[in-house]
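Report on the structure given below.
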Amino acid sequence: MSGLQTFWNRNRTLVYTVSGLILGYSIAIGMSYLLFSIGQEKGRVNIQNFKIAQLIKDSKDEILNVMRDSKNSTSNEKSNDGTKQGIIAFYAISTRDLDLEFSQTVVFDHVYTNIGKGYNPKTGKFIAPFDGLYRFGSTGMSQSYHNVFLQMNKNGIEVARSTAQQNYNTADMEAILELKKGDIIEVTRRTNSNKQTERLHGNRLASFTGFLIATM
């Protein structure tokens, strides 16, 4: 979408409002000129001019108020890190093979998208910036002689799981979750899988994604 189209979609109401007020302002000036032109008596003209001047002043004030409210609204839409409130999304992948121990968190080290800064590529965890309904997904691949048992956790409690059988098979999982601000989502090795180390195939073939569906 072009910058002009984006501006129009976000400010359409403001443009209509200001255009209407400017039109009223112009009409008021025209009426004033007409009254002077037709030479009506001085007292009546003064009364009419007073009313028109008040109308012009009110129109100016209304335009300034609309513009100020629009500016404040745009400012309030932005969160502390400069992203628009209500847009949270991330997409990260693993660039290397990972030998996973029991219940170990999978760290997806390479981030392509992280609007809202909810995902931490150092810990592998997503922390909800604010309350809302979110969607998450993860893909994993096994290596030749390793099964990979993964799960997705919300605050340490399993909400989804996947199993990639040995010999380079893949497995996916996803979840739609209602989160409170500060809730943590992560992908880990499954807690009830075998005790031996499991190898997750990296090389950009393992991923972790999520986005906000709606605020609540």
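Quick notes on this one:
- Counted charge near A128, where neighbours are those whose Cβ lies closer than 14 Å (Asp, Glu -1; Lys, Arg +1): +2
- Taking a ≥ b ≥ c as the square roots of the Cα gyration tensor eigenvalues, region 117-216 comes out prolate, since a/c reaches at least 1.5 and a/b is larger than b/c.
- Added length on full extension, which subtracts the Cα-Cα distance from 0.36 nm per residue, E174 to Y145: 7.9 nm
- Cut-off 9 Å between beta-carbons: net charge of the residues surrounding L200, Lys and Arg +1, Asp and Glu -1: -1
- Maximal additional length on extending the I184-V111 stretch stands at 24.5 nm, based on 0.36 nm per residue less the C-alpha distance.
- Computed lengthening from V159 to T191, 0.36 nm per intervening residue step minus Cα-Cα distance: 10.3 nm
Values quoted throughout were computed directly from the atomic coordinates according to the rules given, and no laboratory measurement underlies them. In this text the structure is predicted, and so the values were computed from the model without any measurement. Glycine gets a Cβ as well: all are built from the backbone with ideal geometry, and neighbour counts include every protein chain shown.
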